[in-house]
Ligand SMILES: *Cc1c(COP(=O)(O)O)cnc(C)c1O
């Protein structure tokens with residue numbers, strides 16, 4: 001029996017394994033209120049008070065993900081805290097400055113050859129540190145009641161007429177919470193655009209709703225290869241048998257999957273936890289892609305780790321484990337600067353025709369590199 005099975009038997013004794021394993025059941029039974037959450041965990045005073053307030057950003061947890069939370073540091077990524085009310089200097093509702101780059105509703109074009117397509121505002125579970133909490137869970141992009149497909153049409157038109165766009169990153173919200181039919185429609189429309197070489201889907205579904213990764217979904221997506229997944233993983237506690245199975249299905253469908261992790265204080269900000277997560281991901285054939293500094297979304301100070309600590313954590317991986325296990329540490333810069341890679345300085349100077357380079361053990365080596373005449 002998995003941890004989720006034990007939890008289901010204790011808290012949902014009348015729910016069969018078949019119902020529990022149906023992603024529609026999981027979405028219909030998300031935990032959103034203080035009372036629903038208090039039935040499953042004992043909220044502490046801070047969590048309880050925050051749950052009782054009307055928070056602008058909704059709380060929602062799938063019963064499956066809730067089964068992992070009570071003893072895990074992941075709990076603070078899902079349960080609200082009164083600390084969210086403290087807005088620190090430099091924090092905003094649009095920390096990445098996406099609004100000025102919105103070239104169509106839900107379409108962000110910041111980099112020369114690729115776009116971010118915010119296909120839906122819905123997620124199965126809401127992360128408290130969400131960088132798009134101004135949009136998700138609020139119907140902000142469809143507030144005028146425009147149906148999804150007609151909103152997409154404006155974004156698709158933009159992509160059709162911009163031949164430089166060779167990579168479309170479909171995100172949101174979580175696109176894998178949409179129906180197979182809606183995804184099929186969107187992927188087909190993107191595939192019909194000749195200059196779109198690759199499609200990526202950003203999702204946290206394998207971690208929070210792994211039963212969504214059905215054979216039928218994989219079959220739908222496979223038709224539109226090359227499709228890549230950018231998945232969101234946070235902590236090794238997420239690597240349950242259910243999630244590993246979902247990742248294996250993704251790999252078996254020929255979908256290369258990368259993982260993006262947000263560095264979060266008290267959740268994954270130690271070298272052992274990060275290393276374990278990266279190793280577990282590789283075992284499930286998911287390649288660590290980015291480690292992100294937590295964006296300065298309003299009220300997120302309690303999640304942020306100093307950048308110096310982030311560099312220390314990356315240094316504890318590089319050289320000490322497989323290169324495949326080392327994600328790229330990046331900060332997505334406020335005000336629309338985009339992603340900037342943060343590296344420790346490895347090139348420490350020059351001695352005549354030799355460069356001085358520092359290895360992972362901090363030993364300096366000489367490398368012949370004569371300057372051009
Ligand atoms: C992160 C991001 C991308 C993709 O960046 P990669 O480094 O190629 O993964 C594209 N557009 C926007 C707006 C982004 O924030």
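Can you confirm whether residue 43 is in contact with a helix residue (DSSP H, G or I) (Cβ under 9 Å, 6 or more places away or on another chain) and either within 16 Å of the ligand (Cβ to nearest atom) or touching a residue at least 24 places away in the same chain (Cβ under 8 Å) (or both)? So residue 43 fits the description; yes. Of the residues contained in segment 331-338, none is found to be at pLDDT 95 or above, surrounded by 14 or more Cβ atoms within 10 Å (Cβ to Cβ), over 17 Å from residue 95 (Cβ atoms) and not assigned by TED's automatic domain parsing to the domain that holds residue 368. A residue that is assigned by TED's automatic domain parsing to the domain that holds residue 127 and farther than 27 Å from residue 111 by Cα occurs somewhere in segment 160-179.
Looking at (1) within 20 Å of residue 126 (Cα to Cα); (2) assigned to a loop (DSSP other than H, G, I, E, B); (3) within 16 Å of the ligand (Cβ to nearest atom), which is the only condition residue 196 fails? Going through the list (1) within 20 Å of residue 126 (Cα to Cα); (2) assigned to a loop (DSSP other than H, G, I, E, B); (3) within 16 Å of the ligand (Cβ to nearest atom), residue 196 breaks only (1). The single condition among (1) assigned to a loop (DSSP other than H, G, I, E, B); (2) surrounded by 22 or more Cβ atoms within 10 Å (Cβ to Cβ) that residue 247 does not satisfy is (1). Being surrounded by 14 or more Cβ atoms within 10 Å (Cβ to Cβ), within 16 Å of the ligand (Cβ to nearest atom) and on the phi < 0 side of the Ramachandran plot is a property that does not hold for residue 51. Under 21 Å from the mean Cα position of the chain (by Cα), in contact (Cβ under 8 Å) with a residue 12 or more places away in the chain and not in a helix (DSSP H, G or I): is that true of residue 135 in this structure? Yes.
Taken over segment 157-208, the criterion of being within 30 Å of residue 59 (Cα to Cα), out of contact with any strand residue (DSSP E or B) (no Cβ under 6 Å at 6 or more places or on another chain) and in contact (Cβ under 8 Å) with a residue 40 or more places away in the chain is satisfied by 173, 177, 178, 180, 186, 187, 205, 207, 208.
Away from the ligand (no atom under 16 Å from the Cβ) and in contact (Cβ under 8 Å) with a residue 24 or more places away in the chain: is that true of residue 16 in this structure? No; evaluated as a whole, the condition is false for this residue. Within segment 297-309, does at least one residue satisfy the condition of being within 16 Å of the ligand (Cβ to nearest atom) and farther than 27 Å from residue 83 by Cβ? No, segment 297-309 has no match at all.
Is it the case that some residue within segment 74-92 is within 16 Å of the ligand (Cβ to nearest atom) and surrounded by fewer than 21 Cβ atoms within 10 Å (Cβ to Cβ)? Within segment 74-92, one or more residues are within 16 Å of the ligand (Cβ to nearest atom) and surrounded by fewer than 21 Cβ atoms within 10 Å (Cβ to Cβ). So which residues in segment 326-368 are in contact with a helix residue (DSSP H, G or I) (Cβ under 8 Å, 6 or more places away or on another chain) and within 14 Å of the ligand (Cβ to nearest atom)? 327, 329, 331, 336, 342 - these are the residues of segment 326-368 that are in contact with a helix residue (DSSP H, G or I) (Cβ under 8 Å, 6 or more places away or on another chain) and within 14 Å of the ligand (Cβ to nearest atom). The listed residues are 297, 342, and the only one of them that is surrounded by fewer than 18 Cβ atoms within 10 Å (Cβ to Cβ) and either free of Cβ contacts under 8 Å to residues at least 12 places away in the same chain or under 27 Å from residue 76 (Cβ atoms) (or both) turns out to be 342.
The values are calculated or read from the model by the stated rules, or taken from the named source; none is laboratory data. What you are looking at is a predicted structure, and each value in this text was computed from that prediction instead of being measured. Note that each Cβ is placed from the backbone with ideal geometry, even for glycine, and that neighbours are counted across all protein chains shown.
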